[in-house]
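Remarks on the structure that follows.
Since every read-out is calculated from the coordinates, none of them should be taken as a lab result. This one's a predicted model, so the numbers in the text were calculated from it and none came from an experiment. Don't worry about glycine lacking a Cβ; one is built from the backbone with ideal geometry, like all the others, and counts go over all protein chains shown.
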Amino acid sequence: MARLVMKFGGTSVANIERIKNVARHVQREVEAGQDVAVVVSAMSGKTNELVAWCKEGAALYDAREYDAVVASGEQVTSGLLAIVLQDMGIKARSWQGWQIPIRTSDAHGSARIEAIDPAALNEGFARGEVAVIAGFQGVHAATGRLTTLGRGGSDTSAVAIAAAIGADRCDIYTDVDGVYTTDPRIVPKARRLDRVAFEEMLEMASLGAKVLQVRSVEVAMVHKVKTFVRSSFDDPADPKPGTLICDEEDIVEQQVVTGIAYSKDEAQITLRDVADKPGVAAAIFVPLAESNINVDMIIQVVSDDAKTTDLTFTVPTADYERARKILENAKADIGYEGIHGATDVVKVSAIGIGMRSHAGVAARAFKALSDKGINIRAITTSEIKFSVLIGAEYTELAVRTLHTLYGLDKA
Ligand code: ADP
Ligand code: ASP
Ligand code: MG
């Protein structure tokens, strides 16, 4: 019998009316004669509320207890969907991560799935039961503690379950009808893509397109899970196929640039008049690395006097204050004049496999952005993407400018 995983995000299960709508989508697939596992997120806004409560409880809270709190949002929606399905005459039961079990690492708050035992789910399918699974959560086997997979983690739950039960496909239902050339909420001219290559989707997600959690794309790519992004707002009786995430070879018409992403989760730090001598970069970046702070973009300005230089780099916004403190404490070791920082910055990126075979793609962007008076503070490039760091006030203008420049606007 064909097998399907259906995942529904926060807005898709925002209230009982929306959960009843989800149940109608599930009913359609059950009536088509498939084994169905449904993965649900918490109701929209719920996880934010739970996170805020933890922070209010204590500035430095126990990450294991944070997981115990935030995992509860998904417990509620899994039970509610099972209740609604049963009321429609569909056999269903809820499953929490620990009941399956979905085993994870013990990195509380951002745990990684290590193994999923499909046995209990298979027995449920044999009984003709829909499995309604709480997304986002798992259990660390050695300690028996609840874990969560990081924000947006229900996507990863869904794809990993699809791999574990050998599902024919995994449908990620959300509040947009597929993956777009950029966030359709900020660019009305964004176009829906029929297909996106795994590698492009991985970059788009890493660079800020939150439509899929990065880890879910990795799992889909490694386990070759046929994954679609589609809308739960479609009529359950007449749904659209959405966007297929697939191998590069399966894309017929390859564009040079496939999508534009942006991320506000980046802060800039500049060290002025750093001694221009061997060992300085190590003196700066080793202490940051030792504190698990990821440095992303780095720019070193060539010095006029060959004695000092300016160094600019970016860190995740959440680590900004910590990074500054570490660098201030290491001031004598590093030897610099001043430290400046900014959190009102945004990283805008263009992604496309076609960049591999086209020169000058990024250069065109630098020109277009300067024509709009947008100052670029840092740049990084790699084989299939480039990113620029700019003032946050230019986010929409920059995204729209690049979207038009690379011919992505819908007709
Ligand atoms: P869910 O709650 O269903 O998991 P998310 O809010 O996590 O939904 O992700 C869906 C949102 O992702 C959309 O509402 C959209 O604003 C945003 N998004 C950002 N970039 C893109 C993109 N390139 N294509 C589609 N959606 C995108
Ligand atoms: N509810 C969790 C979150 O908001 C997980 C998810 O929705 O995927 O991050
Ligand atoms: Mg999401």
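Miscellaneous remarks
- Net charge contributed by nearby residues that have their C-beta within less than 10 Å of Arg64 (K/R +1, D/E -1): -3
- The trypsin sites (Lys or Arg not before Pro) of segment 124-171 that meet both conditions, a loop assignment by DSSP and at most 15 other Cβ atoms within 10 Å of the site Cβ, are Arg127, Arg151.
- Note on segment 220-285 and segment 323-400: Cα centroid distance 16 Å, given to the nearest whole angstrom.
- Modelled label positions at Lys372 and Asp194, each set 7 Å beyond Cα in the direction of Cβ, lie 2.9 nm from each other.
- At most 10 other Cβ within 10 Å, DSSP loop - GluC sites (Glu not before Pro), segment 347-411: Glu383
- The simple spin-label model puts a point 7 Å past each Cα toward its Cβ; for Glu56 and Ser291 those points are separated by 2.9 nm.
- Qualifying trypsin sites (Lys or Arg not before Pro) in segment 237-311, where qualification requires a DSSP coil assignment and no more than 11 other C-beta atoms within 10 Å, comprise Lys307.
- Legend: calculated FRET efficiency, Asp106 to Gln86, from the Cβ-Cβ distance at R0 = 25 Å, rounded to 0.05, equals 0.10.
- Amide H contacts under 5 Å for Val345: Ala392, restricted to partners 5 or more places along the chain or on a different chain, H placed in the peptide plane at 1.01 Å from N.
- For Trp95, the residues whose modelled amide H falls within less than 5 Å of its own, excluding neighbours fewer than 5 places apart on the same chain, are Val132, Ile133, Ala134.
- Seen against the Cα atoms of the chain and their longest principal axis, helix 214-223 is set at about 60 degrees.
- Maximal additional length on extending the Glu31-Ser303 stretch stands at 90.9 nm, based on 0.36 nm per residue less the C-alpha distance.
- Residue order, fewest to most surrounding Cβ atoms within 10 angstrom, among Lys347, Lys55: Lys55, Lys347
- Kirkwood Rh in Å, taken over segment 1-129 so that all alpha-carbon pairs contribute: 15.9
- Radius of gyration and Dmax over the Cα atoms of the chain, both given in Å: 23.2, 79
- Based on Cα contacts under 8 Å between residues 6+ apart, segment 47-169 shows a relative contact order of 26 percent.
- Entry note, segment 266-345: relative contact order of 51 percent, from Cα contacts under 8 Å with a spacing of 6+ residues.
- Whole-Hz Karplus values for segment 49-56 come out as 5, 5, 4, 4, 4, 4, 5, 5 Hz, taken residue by residue from phi with 6.51 cos²θ - 1.76 cosθ + 1.60 and θ = phi - 60°; glycine and proline positions read x.
- Using a cutoff of 8 angstrom between alpha carbon atoms and counting only pairs six or more residues apart, the relative contact order for the chain works out to 14 percent.
- Amide proton proximity set for Gly259, modelled H, under 5 Å, gap of 5+: Ile351
- 3J(HN,Hα) from dihedral phi, segment 361-373, Karplus parametrisation 6.51/-1.76/1.60, rounded to Hz, x for glycine, proline: 5, 5, 4, 4, 5, 4, 5, 4, 5, 5, 4, 8, x
- As a calculated quantity, the FRET efficiency between Arg64 and Ala411 at R0 = 51 Å, using C-beta atoms, amounts to about 0.45.
- For segment 13-87, fraction of C-alpha pairs farther apart than 13 Å, in %: 68
- Net charge of Cβ neighbours under 14 Å - reference Thr156; Lys, Arg +1; Asp, Glu -1: +2
- J(HN,Hα) series, segment 9-18, from Karplus relation 6.51 cos²θ - 1.76 cosθ + 1.60, nearest Hz, glycine and proline x: x, x, 6, 6, 10, 5, 7, 5, 4, 5
- Computed from label points 7 Å out along Cα-Cβ, the spacing between Ala119 and Lys325 is 4.7 nm.
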